[in-house]
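Encoded as structure tokens, the structure appears first; notes follow it.
The values are calculated or read from the model by the stated rules, or taken from the named source; none is laboratory data. These numbers come from a predicted model, not from an experiment. Using ideal geometry, Cβ is built from the backbone for each residue, glycine included, and neighbour counts are taken over all protein chains shown. Accessible surface areas use protein heavy atoms only, side chains included; no ligands, DNA or RNA. Shrake-Rupley method; radii C 1.70, N 1.55, O 1.52, S 1.80 Å.
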Amino acid sequence: MTSSQLPFELPDFYMPWPARVNPNVQGARLHCKEWAYRMGILSSDEDTVWDEETFEAMDFAGFAAATHPDAPAPELDLLSDWYVWGWFVDDYFPRTFEGGSSDIKEAKAYLTRLLSFMPSDLATPIPESQNPTEYALADLWPRTAPTMSVQWRQRFVEHIRVMAEANLRELFNTGNNQEWILDPVEYIALRRQIGGVFWSADLVEHSLTVEIPPQIYDKRPIQVLNDTYADSVGLRNDIISYQKDIDDGKVNNCVVVAEHFFNTEIQEAVNVVNDLVTSRLFLFENTMTVELPPLLDEYRLDSEVRYRVFRYVKALQDWMAGDLEWELRPGGRYLPAESKKESALGGPKGLGTAAARIGLSPAAMGLRVRTYNYIPFQTVGKTPLPEFYMPFSTRLNPHLEEGRRTSKEWAYEMGMIGIPGISFWDEQKFDAIDVALMSALIYPDAPQAVYELAAKGQVWGFYIDGVFEGRYLATRNIVGGRMYLARLLALIASDSGPMLMPTNPSERGLVYLWQRMTSFLSAENKEQMRGSLVKIFESWAWQLDHQAQNRIPDPIDYIETSGKTFGFDFVMLLNQGEKMPPELYDTQPVQSMHKAAANVSGLVNDIVSYQKEMESEGILFNSVLIAQHFLDCDVAQAVEIVNNLITARVREFEHIVATELPALCEDFDLDARNRELLFSYVEQLQIMMSGLSKWFLGSDYYKEFEFKRDPSPRNLFNVPTALGCSAARITSLVNYSRLLR
């Protein structure tokens with residue numbers, strides 16, 4: 001099959017770095033073929049996964065040579081063996097386990113045993129090998145682990161475990177729901193895990209004999225670099241391997257997902273996926289140059305450590321460039337021998353083909369321009385609201401009126417209302433928001449004391465959000481914004497009491513809430529609540545960086561960050577009650593439900609608040625705006641697309657509850673009480689989606705008559721008179737003395 005016979009034309013792939021080939025490639029080819037025979041991966045058996053001809057055509061040593069161009073010969077041999085093992089498991093798994101209930105159990109046992117061959121403590125004995133994948137691991141791990149830290153070993157095994165669980169989830173859905181096609185958000189998250197690219201990134205560290213310092217590994221810049229690396233590789237592979245996947249009966253391919261979600265022709269779906277890959281690479285470049293250096297400064301890493309980090313980033317670039325060239329090899333794993341595509345790994349033309357790909361195609365150039373061409377404070381007019389799919393319901397907390405009274409009194413006491421030059425709200429604005437109503441809708445069964453405290457927490461959240469947007473986002477004041485967030489973090493850094501004296505309503509409110517909300521929590525739950533606040537503040541710093549650059553967020557980056565900026569995790573934590581076993585929270589079905597609910601809430605808000613945010617706030621963080629610029633469409637089309645995504649996320653939530661949770665109950669052998677707690681958590685998420693949607697649609701806060709009372713956030717903070725300053729200072733001290741009582 002030639003490329004002209006494919007159901008679509010392969011697009012121009014954006015690759016900003018040239019591919020290089022390791023000079024030790026021939027020796028690695030000889031080594032890994034001999035190794036594959038010795039491990040039993042290649043054999044003369046009729047049921048073998050690969051024959052020798054297929055193995056040589058796929059050229060996994062060539063892949064290692066392209067993705068690790070600077071690795072010494074012994075290291076290249078080891079890397080080649082790892083990639084042979086990874087692709088062998090990838091092909092062996094779906095061929096052996098077809099998705100029935102008995103297959104799921106056997107597949108889980110098979111994958112669980114694999115993990116036992118990679119102990120972080122090298123003195124731990126391993127089981128006796130029983131099949132080629134186990135023979136291979138028993139050989140690979142002792143050659144790999146000794147030169148790396150225990151933290152690296154644990155991380156590597158964790159990445160293998162996540163990949164295994166994602167494969168089990170895919171197998172379960174394939175076996176039980178062969179017609180089910182994931183929505184784009186769910187698919188991208190699953191694809192990132194299934195692809196096995198994270199443990200490949202770990203091998204990048206091994207190949208360089210460097211490790212990313214553990215204190216920064218989980219920070220946003222490193223995580224974004226790893227995620228964009230994984231997504232660009234996996235989603236681009238979905239385009240190149242489309243025909244192979246279809247021939248194998250797979251629907252888990254991003255081109256298929258895009259066809260289904262956008263209801264479009266295959267070529268348009270391919271172009272959208274390729275634009276998404278390009279956008280991810282743009283984000284990799286931006287993170288590398290804008291976000292990474294400040295992180296290294298923040299942790300005061302010395303020049304040697306910085307050099308190791310930058311070597312790692314450069315090696316990821318080499319990996320992505322080499323992977324593209326390997327995938328485009330005619331007659332390789334993905335493209336037919338007659339393909340017209342050229343590769344740096346084969347043919348006399350050498351690296352010229354790869355170097356020619358570095359320039360921006362017209363499509364990539366258009367996307368680059370649209371990323372930075374936003375003009376704030378445009379008049380967009382009233383947004384016609386679509387019909388939202390919301391099959392869940394809620395009810396009102398009976399203590400609503402008391403909550404309205406006490407939350408307003410508290411807002412006055414903290415100085416959020418009534419102090420000239422300091423308060424962000426007047427009473428009309430506070431009433432328009434009606435946070436007590438929102439809390440009554442999302443906490444319908446909370447006792448009065450818990451409900452009123454939660455309502456105050458929501459008042460504080462809306463207040464600091466408004467302050468941050470008006471004072472720092474709208475004015476692009478990076479220094480002031482980061483200082484504002486740093487002081488809030490310092491107030492909750494110690495359990496012995498605030499390290500700073502609160503000086504404004506935002507800080508007074510946080511001290512009040514932190515002391516009361518954490519007084520009855522365990523140390524673990526207190527740390528969980530602190531972590532949720534840290535995520536909120538870090539996501540706001542992300543907003544500040546993008547606003548300063550006038551950079552419209554990458555769609556995936558926005559979806560994954562918006563739940564944090566909204567504070568969905570924090571809102572869920574305020575709902576007190578008996579919790580389900582903590583080990584259930586970390587399972588993929590529960591995490592997917594939680595993320596779906598957070599996405600639904602955020603996306604509904606984006607449509608409802610679009611006019612307010614465009615005309616009054618001038619901010620970039622709205623999915624309607626992002627859809628307009630990424631897809632180059634008008635507002636009406638963007639609203640329709642976002643609403644379709646809301647529907648898809650709700651249906652994904654329903655699908656998980658109906659199909660995956662019963663299996664999860666069986667897998668964990670949950671008793672009646674724990675099943676009740678699990679489905680109580682499901683109900684909490686349903687109430688959260690329904691309650692927030694009702695509040696978004698009913699609140700005057702997003703209505704034009706209310707937000708147009710303030711021409712723009714830049715005019716909200718007038719310089720107070722000297723008398724006003726004095727009065728504000730006195731009132732602040734009085735309120736703080738009350739707070740301490």
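Brief remarks follow.
- Taking each residue of segment 444-463 that is under 20 Å from Leu685 (Cα atoms) and looking for partners that are open to solvent by 30 Å² or more (accessible area, probe 1.4 Å) and aliphatic (A, V, I, L, M) with beta-carbon atoms closer than 7 Å, six or more apart or interchain, yields Pro444/Leu396.
- Condition met for Lys408 (free of Cβ contacts under 8 Å to residues at least 60 places away in the same chain, in a helix (DSSP H, G or I) and of a type in the set (Lys, Arg)): yes
- Subset of segment 192-215 [open to solvent by 30 Å² or more (accessible area, probe 1.4 Å), closer than 20 Å to Arg143 by Cα and in a loop (DSSP other than H, G, I, E, B)]: Thr209, Glu211
- The selection criterion, being within 24 Å of Gln193 (Cα to Cα), in contact with a Gly (Cβ under 8 Å, 6 or more places away or on another chain), surrounded by fewer than 21 Cβ atoms within 10 Å (Cβ to Cβ) and in contact (Cβ under 8 Å) with a residue 40 or more places away in the chain, holds for Asp103.
- Among all residues of segment 276-297, there is none that is without any contact (Cβ under 8 Å) to a residue 40 or more places away in the chain, aliphatic (A, V, I, L, M) and open to solvent by 10 Å² or more (accessible area, probe 1.4 Å).
- Scanning segment 501-533 for residues that are open to solvent by 60 Å² or more (accessible area, probe 1.4 Å) and more than 27 Å from His594 (Cβ to Cβ) turns up Met501, Thr503, Gln515.
- One residue alone among Ala61, Ala57, Ala28, Ala66 is in contact with an Asp or Glu (Cβ under 7 Å, 6 or more places away or on another chain), aliphatic (A, V, I, L, M) and within 16 Å of Arg333 (Cβ to Cβ), and that residue is Ala66.
- Checking Gly366, Gly359, Gly381, Gly346 one by one, the residue that is more than 30 Å from Tyr451 (Cβ to Cβ), modelled with pLDDT under 95, part of a loop (DSSP other than H, G, I, E, B) and open to solvent by less than 30 Å² (accessible area, probe 1.4 Å) is Gly381 and no other.
- Every residue from segment 467-490 that is within 25 Å of the chain's Cα centre (by Cα), farther than 11 Å from Trp540 by Cα and surrounded by 18 or more Cβ atoms within 10 Å (Cβ to Cβ): Leu488
- None of Ser616, Ser601 is open to solvent by 10 Å² or more (accessible area, probe 1.4 Å), touching a residue at least 12 places away in the same chain (Cβ under 8 Å), of a type outside the set (A, V, I, L, M, F, W, C) and under 30 Å from Gly381 (Cβ atoms) except Ser616.
- Remark: pairs (first residue in segment 668-690, closer than 16 Å to Ser601 by Cα; second residue of a type in the set (Val, Ile, Thr); Cβ separation under 7 Å; 6+ apart in sequence or on different chains) = Val682/Val657; Ile687/Thr394; Ile687/Ile442; Met688/Ile442; Met689/Val600; Ser690/Thr394.
- Any hit, segment 540-563, residues being of a type in the set (Lys, Arg) and not in a helix (DSSP H, G or I): yes
- Here Asn252 clears all of (1) over 30 Å from Gln215 (Cα atoms); (2) open to solvent by 10 Å² or more (accessible area, probe 1.4 Å); (3) assigned to a helix (DSSP H, G or I) except the condition numbered (3).
- Search result, residues across segment 411-431 that are open to solvent by 10 Å² or more (accessible area, probe 1.4 Å), within 29 Å of Ile687 (Cα to Cα) and part of a helix (DSSP H, G or I): Glu427, Gln428, Lys429, Phe430, Asp431
- Residue identified as touching a Leu at 6+ places or on another chain (Cβ under 9 Å), among the basic types (Lys, Arg) and either within 22 Å of Val313 (Cα to Cα) or open to solvent by 30 Å² or more (accessible area, probe 1.4 Å) (or both) among Arg143, Arg113: Arg143
- Options Leu42, Leu79: the member that is part of a helix (DSSP H, G or I), among the aliphatic types (A, V, I, L, M), farther than 30 Å from Glu259 by Cα and open to solvent by less than 70 Å² (accessible area, probe 1.4 Å): Leu79
- Any chance Arg709 is open to solvent by 40 Å² or more (accessible area, probe 1.4 Å), in contact with a Cys (Cβ under 7 Å, 6 or more places away or on another chain) and either free of Cβ contacts under 8 Å to residues at least 60 places away in the same chain or farther than 17 Å from Tyr443 by Cα (or both): no
- When the residues of segment 170-186 are filtered to those that are at pLDDT 75 or above and not aromatic (Phe, Trp, Tyr), the one that is surrounded by the fewest Cβ atoms within 10 Å (Cβ to Cβ) is Ile181.
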